[in-house]
Amino acid sequence: MYAELNAILNAAPEHLDQGEFILVSDRKADASFLVHHFLSFYLRAGCRVCFLGLVQSFSHYSAVSQRLGVSLTQAREKGQLVFLEGLKESLGVLLHTESNTESGAVDFLRDPSVGLRGLNEFVQSTLSAPGGGGEGGEGGGEGGAVRWGPPVLLVDDLTVLLSLGVSVGSVLDFSHYCRASVCSQLQGNMVMLVRCEGEEEEDEDDGDEEGPERLLKGLTHQCSLTLQVQGLPTGFCRDIHGQVEVSWRRKPWDGQYAQKKLFQYKIHDKGASFFARGTSSAVL
């Protein structure tokens, strides 16, 4: 996890905010480094994490997390992490192969009319079930039982569901039901990634009813915090990899109003640096 980002968000594994829906998006940049951050952050916080890996494999996230000082293999063995291999399950359905690990989460590939019901049921059953760990696992109580912190749902790219034929409305319904159960009922957190291409569209009536822009707009109305990653307006820079706009959405229940802050960042092999625009040592 990235200490500088934690300071910006006023977050720490020891003092978790609960009931948060964090929306990560990118445009002409790659925001996957933030997904790695939140994965390691919540595992360090002792949360039980359900990760819907719709784009990358478990081995990919495991290799990156290892550099951040977190072992996903140990977390999965203890029952702290449940990782859905979306690529593997989708391929099994599309190629009509039998799989002992098939969960029914991608049933929409067999029958589009069912929508994302199977994926929602997978999330509900994973995070609502009592957390169990391996025998003798760290943090275990009597009989090896483990008491995890608030549940967390991570999704590495909701946009891929649109490419698989799922409508924007179905994806928004899925996020709404997950927010109701995970954030409201279980007082856990959600982190979802959405990818957009090209310039930001300002025309509300652009006619793209089933595109990522519509999905992003719909999710923005649901979330409590957005992190929008973009490339630099001036183009490529070796010492500054992009910028991220952090926006705290209005919370009517606690009287907080929306505020935005813009930071630039540079990704390192084992982390990332964040700094106010124009304050990088490369431009000073």
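The values are calculated or read from the model by the stated rules, or taken from the named source; none is laboratory data. Note that the structure is predicted; figures quoted are calculated from it, not measured. Cβ placement follows ideal geometry from the backbone for every residue including glycine, while neighbour counts extend to all protein chains displayed.
Quick test for you: out of GLU213, GLU245, GLU202, pick the one residue that is surrounded by fewer than 16 Cβ atoms within 10 Å (Cβ to Cβ), under 21 Å from the mean Cα position of the chain (by Cα) and either modelled with pLDDT of 85 or more or more than 25 Å from LEU68 (Cβ to Cβ) (or both). Step through it out loud before you land on a result.
On the way: GLU213 fails: surrounded by fewer than 16 Cβ atoms within 10 Å (Cβ to Cβ); GLU202 fails: under 21 Å from the mean Cα position of the chain (by Cα).
None of the others qualify; the one that does is GLU245.
Whether any residue in the stretch 24-40 is of a type in the set (Ser, Thr, Tyr), touching a residue at least 12 places away in the same chain (Cβ under 8 Å) and farther than 29 Å from LEU232 by Cβ is what I want to check.
Of all residues in the stretch 24-40, those of a type in the set (Ser, Thr, Tyr) come to 25, 32, 40.
Now narrow it down to the ones that are touching a residue at least 12 places away in the same chain (Cβ under 8 Å): 25, 32, 40.
In the following step, the residues that additionally are farther than 29 Å from LEU232 by Cβ were identified as none.
Checked the stretch 24-40: no residue is of a type in the set (Ser, Thr, Tyr), touching a residue at least 12 places away in the same chain (Cβ under 8 Å) and farther than 29 Å from LEU232 by Cβ.
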Single condition LEU127 does not satisfy, out of (1) part of a strand (DSSP E or B); (2) under 20 Å from GLN187 (Cβ atoms); (3) at pLDDT below 95; (4) of a type in the set (A, V, I, L, M): (1)
Residue check, GLY143 against (1) modelled with pLDDT of 75 or more; (2) in a helix (DSSP H, G or I), all met but one. Which one? (1)
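Within the stretch 162-183, work out how many residues are of a type outside the set (Phe, Trp, Tyr), in contact with a helix residue (DSSP H, G or I) (Cβ under 7 Å, 6 or more places away or on another chain) and in a helix (DSSP H, G or I).
Keep residues of the stretch 162-183 that are of a type outside the set (Phe, Trp, Tyr), which gives 162-173, 175-176, 178-183.
Narrowing further to those that are in contact with a helix residue (DSSP H, G or I) (Cβ under 7 Å, 6 or more places away or on another chain): 162, 164-166, 168, 171-172, 175, 178, 181-182.
Right, trim to in a helix (DSSP H, G or I) and you get 162, 168, 171-172, 175, 178, 181-182.
Qualifying residue count, the stretch 162-183: 8.
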Checking GLN80 against (1) of a type in the set (S, T, N, Q); (2) farther than 30 Å from GLU213 by Cα; (3) surrounded by fewer than 22 Cβ atoms within 10 Å (Cβ to Cβ), which test does it fail? (3)
Only residues that are in a strand (DSSP E or B), over 23 Å from GLN264 (Cβ atoms) and touching a Ser or Thr at 6+ places or on another chain (Cβ under 7 Å): list them for the stretch 19-62, please. PHE21, CYS50
